[in-house]
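Just below is one structure, and these are the notes that go with it.
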Amino acid sequence: MADLDQATQTELEAAAFRTLVQHLRDNPDVQNIDLMNLANFCRNCLSKWYRAAAEEKGVELDYEEARELVYGMPYSEWKSKHQTEATPEQLAKMQEKQGH
């Protein structure tokens, strides 16, 4: 791996994170339950990690504010526009993953 100084590494990680968040915003048809079933994380997880990082730095950011940063809008708005009812198959897969 390239020898990166800490500032450059942080900039690259931040750019990758912004790209991931934008990709998720551009693909609202990908449901959180599908992300959880496939990758074991979702938009809400990213929001929690964002909030935790802010807390570590002494920055006050509540969960709903972090979700708005990730979703690009208030969660309730995103949910009403994009979230679909989970299928029995999706729920079964989620329960199976949680059982292991």
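Readers should treat all values here as calculations from the given coordinates under stated rules, not as data from a laboratory. Owing to the predicted nature of the structure, the values given are computational and were not obtained by experimental measurement. For neighbour counting, all protein chains shown are included, and Cβ atoms are generated from backbone atoms with ideal geometry for every residue, glycine included.
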Mind checking which pairs have a first residue in segment 28-43 that is more than 14 Å from Lys93 (Cβ to Cβ) and in contact (Cβ under 8 Å) with a residue 24 or more places away in the chain and a second that is loosely packed, with under 14 Cβ neighbours inside 10 Å and of a type in the set (Ser, Thr, Tyr), Cβ under 9 Å, 6 or more apart or different chains? Asp29/Thr84
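Please pick out the residue among Ala66, Ala7, Ala14, Ala52 that is under 23 Å from Lys97 (Cβ atoms), without any contact (Cβ under 8 Å) to a residue 24 or more places away in the chain and either outside any loop (DSSP other than H, G, I, E, B) or in contact with a Phe, Trp or Tyr (Cβ under 6 Å, 6 or more places away or on another chain) (or both).
That would be Ala52, the only listed residue that is under 23 Å from Lys97 (Cβ atoms), without any contact (Cβ under 8 Å) to a residue 24 or more places away in the chain and either outside any loop (DSSP other than H, G, I, E, B) or in contact with a Phe, Trp or Tyr (Cβ under 6 Å, 6 or more places away or on another chain) (or both).
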Among the residues of segment 69-94, count how many are under 21 Å from Arg18 (Cα atoms), assigned to a helix (DSSP H, G or I) and either within 13 Å of the chain's Cα centre (by Cα) or of a type in the set (A, V, I, L, M, F, W, C) (or both). 5
